[in-house]
Amino acid sequence: MKWIPYARARRIGQKMHDLLHHPPSYRMPNLLVVGDTGNGKTHIIRRFAAAHPSYTREEDGHLIAPVLYLQAPPDADERSFYHALLDITGTPYRVADRGDRKQRQVINTLRRLETRLLIIDEIQHVLAGNQTKQRQFLNVLKYLSNELMLPLVGAGIGTAFNAIQHDEQLASRFEPIGLPRWRMGEEYIRLLMTFERLLPLQKPSNLSEEKLAYKLLSLSEGSLGELTNILQRAAIQAVDTKEEYISLGLLGKLDYSTRSDLSNYEKLMAD
C-alpha cells in the first residue's frame with residue numbers, strides 16, 4: 001500500500017518540521033509520539049527522516065545529516081545507545097572505551113554532521129530498566145539536547161510516556177502526541193475511501209458502507225497496521241476468486257485472526 005495521509009499523521013509531520021527549523025536555544029522543545037504497536041508511529045517518523053536524507057554540501061564537500069533516525073537498542077544501557085548512534089553515522093569507535101569518551105565522540109560527530117533533529121524510535125526499550133537506569137538514560141537525553149541545542153523526537157508505546165513523565169524536566173520539554181486506535185467517524189470513513197482508491201480491484205467494494213466499515217474496524221481492532229494487512233489479504237483473495245471486490249462474505253471467509261484472538265491461548269488451541 002502507498003502512503004495514506006491522514007490528519008494526525010500530518011499533524012505529527014508538521015510538528016517534526018517545526019522542530020527541525022526551530023532556532024537553537026538552551027531549552028529545545030522535544031516531541032514524544034505515543035501509540036499502540038502497529039498504529040503507524042514508525043511509518044510516520046521514518047517517512048519524515050527519508051524526506052531529509054544526508055547530503056554533501058557543494059561549496060565545501062562537507063557531509064551534512066540534518067535528521068538522524070535511530071532505533072533504540074533493546075536494553076537500557078547508555079553505552080549501547082552511544083554505539084547505535086555511532087553506528088548509524090558510520091563513525092568508528094572502540095567498544096572498550098569508557099562511556100564519557102563515547103559521549104564526547106557522539107557530540108563531536110553530531111556537531112560535525114550539523115544534525116538538527118534526532119529521532120529515537122522504540123524509545124521504551126531504553127527506558128525499560130530499573131529506576132536508576134531510567135534516570136541515567138533520561139539524563140543522557142537531557143545532556144545531548146542541552147549540549148547540542150538539539151530537538152529530540154521519541155516514539156514508543158505507553159511505557160515510554162510513563163517513563164518521561166517521571167522526570168519533571170523532561171516531562172516539561174517533551175510534548176506528547178498520541179496515535180489512538182481508529183474509531184468510527186468521518187476520518188475513519190475517509191481513510192477507507194482512500195484505501196479503496198488504492199486497491200487493485202476492478203469492481204467497487206464500497207468499504208465506507210456502514211456494515212463493511214464496522215466489520216473492518218472490528219477485525220482490525222482499530223489498528224492501522226492490522227487494517228492494512230486485512231485489506232491486502234482481502235484484495236488478493238478477491239482477485240484469486242475473480243470476485244474483484246471486497247464484500248462482507250469475503251471478509252467472513254478470510255483466514256485472519258485478530259490480535260486478541262492470537263493472544264487468547266484457549267481460542268488459539270481450539271482453532
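The values are calculated or read from the model by the stated rules, or taken from the named source; none is laboratory data. Keep in mind it's a predicted model, so treat the numbers as computed, not measured. Ideal geometry is used to build each Cβ from the backbone, glycine not excepted, and the neighbour counts take in all protein chains shown. Side chains are part of the model used for accessible areas, which takes the heavy atoms of the whole protein and leaves out ligands, DNA and RNA. Shrake-Rupley method; radii C 1.70, N 1.55, O 1.52, S 1.80 Å.
Before moving on, here are some points about what is shown:
- Filtering region 14-43 to residues that are assigned to a helix (DSSP H, G or I), modelled with pLDDT of 95 or more and open to solvent by 20 Å² or more (accessible area, probe 1.4 Å) leaves Q14, K15, H17, D18.
- Residue match in region 94-109 (condition: charged (D, E, K, R), over 24 Å from R47 (Cα atoms) and in contact with a helix residue (DSSP H, G or I) (Cβ under 6 Å, 6 or more places away or on another chain)): yes
- Residues of region 94-151 that turn out to be within 14 Å of R79 (Cα to Cα) and more than 25 Å from the chain's Cα centre (by Cα), as a count: 12
- Selection of region 44-55 for residues being surrounded by 11 or more Cβ atoms within 10 Å (Cβ to Cβ) and assigned to a helix (DSSP H, G or I) yields I44, I45, R46, R47, F48, A49.
- Condition met for T91 (touching a Ser or Thr at 6+ places or on another chain (Cβ under 8 Å), open to solvent by less than 30 Å² (accessible area, probe 1.4 Å), not aliphatic (A, V, I, L, M) and not in a helix (DSSP H, G or I)): yes
- For region 74-88, a residue qualifies if it is surrounded by 15 or more Cβ atoms within 10 Å (Cβ to Cβ) and either touching a Leu at 6+ places or on another chain (Cβ under 7 Å) or of a type in the set (S, T, Y) (or both), and the qualifying residues are A76, S80, Y82, A84, L85.
- A search for C-beta distances below 9 Å between a residue of region 23-41 that is more than 21 Å from L144 (Cα to Cα) and any residue that is assigned to a loop (DSSP other than H, G, I, E, B) and open to solvent by less than 10 Å² (accessible area, probe 1.4 Å), counting only pairs 6+ apart in sequence or on different chains, returns D36/G222; D36/S223; T37/S223; G38/S223; N39/G222; N39/S223; G40/S223.
- The set of residues in region 161-197 that are of a type in the set (A, V, I, L, M, F, W, C) and under 25 Å from S25 (Cα atoms) comprises F161, A163, I164, L170, A171, F174, I177.
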